[in-house]
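Presented below is the structure to which this report refers.
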Amino acid sequence: MIAVNAKKLLTFAGIALVLFFVIAQPGQAAGLVGNIIGFLRDSAESVITFVSNVFS
C-alpha cells in the first residue's frame, strides 16, 4: 500500500515539475522536446540502416 502511494506521489511530482518547466520557460522546453524528437528520429534511421545492411 505504501509503495502504491509513493508511486502516485512521484508521478504527480514529475508531472508538476514538467508543467512548471513548460510554464516558466516555454521556449527552452520546446527546444528540449525538439532535441529529443531529433535524437529519436536519428536513432530510428540508424537502426533502419543497420537492418537494411544486414539483410542486403
Q) Applying the selection to region 9-56, what residues are open to solvent by 100 Å² or more (accessible area, probe 1.4 Å) and under 19 Å from the mean Cα position of the chain (by Cα)? A) L10, F12, L17, F20, I23, Q28, N35, F39, L40, R41
Q: Can you confirm whether region 1-8 contains a residue that is free of Cβ contacts under 8 Å to residues at least 12 places away in the same chain, open to solvent by 90 Å² or more (accessible area, probe 1.4 Å) and not in a helix (DSSP H, G or I)?
A: yes
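The values are calculated or read from the model by the stated rules, or taken from the named source; none is laboratory data. No experiment lies behind these values; they were computed from the predicted model shown. Using ideal geometry, Cβ is built from the backbone for each residue, glycine included, and neighbour counts are taken over all protein chains shown. The protein model used for the area step is the full one, side chains on, heavy atoms only, and it has no ligands, DNA or RNA in it. Shrake-Rupley method; radii C 1.70, N 1.55, O 1.52, S 1.80 Å.
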